[in-house]
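What follows draws every value from the coordinates through simple rules; no lab data is involved. All figures in this text were calculated on a predicted structure; none of them were measured in a lab. Heads up, the Cβs are rebuilt from the backbone with ideal geometry, glycines too, and the neighbour counts pull from every protein chain shown.
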Amino acid sequence: SQTIHQWPATLVQPVGSPLSLECTVEGTSNPNLYWYRQAAGRGLQLLFYSVGIGQISSEVPQNLSASRPQDRQFILSSKKLLLSDSGFYLCAWRSGGPPNQPQHFGDGTRLSIL
Amino acid sequence: AQSVTQLGSHVSVSEGALVLLRCNYSSSVPPYLFWYVQYPNQGLQLLLKYTTGATLVKGINGFEAEFKKSETSFHLTKPSAHMSDAAEYFCAVTGISGGYNKLIFGAGTRLAVHP
């Protein structure tokens with residue numbers, strides 16, 4: 001069966017520090033991969049998605065970036081964090097096959113910026 | 001504009017009462033529809049999905065939803081609420097605003113269940 005792993009679960013970072021959040025999927029090949037942010041009391045905002053290695057689509061201009069160095073690995077990065085980057089970050093995957101397949105989510109990373 | 005609307009950001013029910021969470025969407029193409037549940041500090045868990053076929057779909061934890069094309073709705077129901085149903089619920093649609101690679105989420109409905 002397929003599983004998705006996100007780490008770390010929680011992270012406290014100072015303003016201006018770099019960020020790297022990692023997400024890996026097991027048990028499937030060539031998945032679509034997604035990064036979302038959920039601000040406190042808000043809905044989900046799609047940040048990036050990828051349909052293949054090295055293919056990244058950015059949904060919202062910001063100081064975050066994403067990379068997909070391997071088929072089942074998706075990384076969210078920042079060179080300099082802002083206070084507004086605080087939130088709950090969720091990684092998700094979907095089968096790259098039929099379009100009716102749902103997305104499956106990881107357990108999330110709670111990021112606090114001080 | 002293509003969108004997903006969840007009526008009521010907060011819904012409160014008594015334990016044992018009917019749960020009804022509303023979702024409406026706008027789309028110019030046949031959509032695929034999903035409901036997700038999120039417990040505090042956790043990711044989203046798929047409750048159920050509608051793709052094609054039977055318009056009444058059953059999901060986990062006793063939830064079901066009915067796709068009504070004429071009303072562009074996909075409301076989520078459960079006959080009898082349980083305390084463990086307290087969570088946030090998200091309706092999501094794919095097939096609109098950029099194709100089938102992306103999900104468009106509603107703003108969410110927080111369900112409270114009281115004794």
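Summary of computed values
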item	result
Between segment A:82-114 and segment B:24-72, the Cα center-to-center distance that results, in Å	19 Å
If the convex hull is drawn through the Cα atoms of the protein assembly as shown, its volume per residue in Å³	126 Å³
For q = 0.13 Å⁻¹, Debye-computed log10 I/I(0) when each Cα of segment A:62-114 counts as one equal scatterer	-0.43
Chain A: relative contact order in percent, alpha carbon pairs under 8 Å with at least 6 residues between	35 percent
Local electrostatic count at A:H5 - Lys and Arg +1, Asp and Glu -1, tallied over other residues with Cβ under 11 Å	-2
Length released on extending from A:R110 to A:Q45, taking residue separation times 0.36 nm less the Cα-Cα span	21.9 nm
Of all DSSP beta bridges in chain A, antiparallel share, percent nearest 5	90 percent
Cα-based equivalent ellipsoid, segment A:8-58: semi-axes from gyration tensor eigenvalues, Å	23, 15, 12
Along principal axes, Cα extents of chain A, largest first, whole Å	41, 27, 22
Dimensionless Rg/Rh of chain B - Kirkwood Rh, Rg from C-alpha atoms	0.96
Along principal axes, Cα extents of segment B:18-70, largest first, whole Å	35, 21, 18
Eligible lysines near B:K58 by straight Cα distance, threshold 29 Å, same-chain separation 8 or greater	B:K49, B:K68, B:K69, B:K78, B:K102
